[in-house]
Amino acid sequence: MSEFNKLAQAVFKGDLKGVKAITQELMDNGAKADDIINQGLLGGMDIVAPKFKAGEMFVPEVLRAAKALGCGMELLKPLLGAGGGSLKKLATVIIGTVAGDLHDIGKNLVVLILESSAFNVIDLGVDVSPEKFVEAIKEHKPQFVGLSALLTTTMMAMKDTVEAIKAAGLRDEVKILVGGAPISQEFADEIYADAFCADAIAAKEIATKMLA
Ligand code: B12
């Protein structure tokens with residue numbers, strides 16, 4: 001079994017110690033952060049997803065796997081580009097998971113990648129109401145707003161959020177990026193978002209391009 005597979009297995013099993021040790025080992029051996037994330041850490045969630053769907057894995061186990069993934073990401077933080085620290089920030093991004101939705105693994109990954117690419121990120125957390133997004137835009141005047149939704153039922157809250165931003169007269173002030181497993185480019189167009197991002201790397205690339 002490759003080290004990446006071992007890391008994926010450790011995430012799947014929620015083996016926090018194992019994840020830390022294998023992530024560190026891969027880093028010490030010069031593996032690229034992107035590979036550690038995509039092949040190792042997210043590889044673990046790829047094992048979790050179908051098992052959760054099939055009822056072979058339950059909420060506490062999935063949360064443990066998510067925590068394990070977080071331990072790996074924490075170690076990788078310093079490797080994720082030179083963007084952090086004292087460098088001038090490119091732009092401000094307000095991000096959150098929409099109302100009714102508690103999924104935050106993907107959103108947190110987007111936060112980490114954007115922060116490490118010199119974006120100033122304000123994370124509103126999960127189950128964020130349209131009103132809260134509007135208030136945060138008024139307060140922080142961001143260039144971007146990121147909305148995450150993982151449930152087909154909360155996709156509508158994403159639409160409501162975009163509409164609330166428009167109703168508050170703030171739509172032209174921000175670029176709205178949307179993401180999450182059930183979201184597509186078609187849906188993004190339908191709700192008048194500015195861009196759909198399939199993953200955290202795409203979020204960084206699309207936001208950077210929009211700034212140029
Ligand atoms: C982990 C998980 C959970 C965990 C969440 C833990 C946490 N802290 O997030 C727990 C166990 C709590 C959970 C609960 C539930 N879940 Co759940 N969950 C998942 C699972 C297995 C993985 C999601 C995940 O983290 N993926 C890994 C991350 C990295 O990927 P990602 O989220 O897609 O994010 C990437 C991109 O989408 C993108 N992205 C995401 N957000 C954003 C935002 C922006 C701005 C941008 C630019 C990009 C971007 O970038 C990310 C990084 O690359 C999925 C299965 C799946 N296939 O998605 C089900 C899934 C989403 N859950 C599902 C369900 C049904 C539920 C529950 C209703 C179950 C229940 N009966 O209680 C509850 C709902 C709770 C709630 N109100 O939100 C269903 C949804 C079905 C549907 N069509 O709506 C799924 C698809 C499972 C299934 N049945 O197939 N879940």
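Are any residues in segment 161-171 hydroxyl-bearing (Ser, Thr, Tyr) and open to solvent by 60 Å² or more (accessible area, probe 1.4 Å), and if so, which ones?
none
Kindly establish whether Met1 is outside any helix (DSSP H, G or I), of a type outside the set (D, E, K, R), crowded, with 17+ Cβ neighbours inside 10 Å and out of contact with any Leu (no Cβ under 8 Å at 6 or more places or on another chain).
no
Any residue at all in segment 142-153 that is of a type in the set (Phe, Trp, Tyr), crowded, with 19+ Cβ neighbours inside 10 Å and either modelled with pLDDT of 95 or more or farther than 17 Å from Leu109 by Cα (or both)?
Within segment 142-153, one or more residues are of a type in the set (Phe, Trp, Tyr), crowded, with 19+ Cβ neighbours inside 10 Å and either modelled with pLDDT of 95 or more or farther than 17 Å from Leu109 by Cα (or both).
If we scan segment 87-101, do we find a residue that is free of Cβ contacts under 8 Å to residues at least 24 places away in the same chain, crowded, with 16+ Cβ neighbours inside 10 Å and either of a type in the set (S, T, N, Q) or within 10 Å of the ligand (Cβ to nearest atom) (or both)?
No, segment 87-101 has no match at all.
Given (1) open to solvent by 10 Å² or more (accessible area, probe 1.4 Å); (2) touching a strand residue (DSSP E or B) at 6+ places or on another chain (Cβ under 7 Å); (3) of a type in the set (A, V, I, L, M), where does Met158 come up short, assuming only one miss?
Of the numbered conditions (1) open to solvent by 10 Å² or more (accessible area, probe 1.4 Å); (2) touching a strand residue (DSSP E or B) at 6+ places or on another chain (Cβ under 7 Å); (3) of a type in the set (A, V, I, L, M), the odd one out for Met158 is (1).
If Ser129 passes every condition in (1) buried (at least 20 other Cβ atoms within 10 Å of the Cβ); (2) at pLDDT 95 or above; (3) polar (S, T, N, Q) but one, which one does it miss?
(1) is the only condition that Ser129 fails.
Just checking, does segment 150-173 include any residue being near the ligand (Cβ under 10 Å from one of its atoms) and assigned to a loop (DSSP other than H, G, I, E, B)?
Within segment 150-173 (the criterion being near the ligand (Cβ under 10 Å from one of its atoms) and assigned to a loop (DSSP other than H, G, I, E, B)), the answer is yes, since at least one residue qualifies.
Counting just the residues of segment 184-212 that are in contact with a Phe, Trp or Tyr (Cβ under 8 Å, 6 or more places away or on another chain) and open to solvent by less than 10 Å² (accessible area, probe 1.4 Å), which one comes out nearest to Gly100 (Cα to Cα)?
Only one residue tops the list, namely Ala188.
The values are calculated or read from the model by the stated rules, or taken from the named source; none is laboratory data. Source: prediction; values computed, not measured. So basically every Cβ, Gly included, is an ideal-geometry build from the backbone, and we count neighbours across all protein chains shown. Side chains are part of the model used for accessible areas, which takes the heavy atoms of the whole protein and leaves out ligands, DNA and RNA. Shrake-Rupley method; radii C 1.70, N 1.55, O 1.52, S 1.80 Å.
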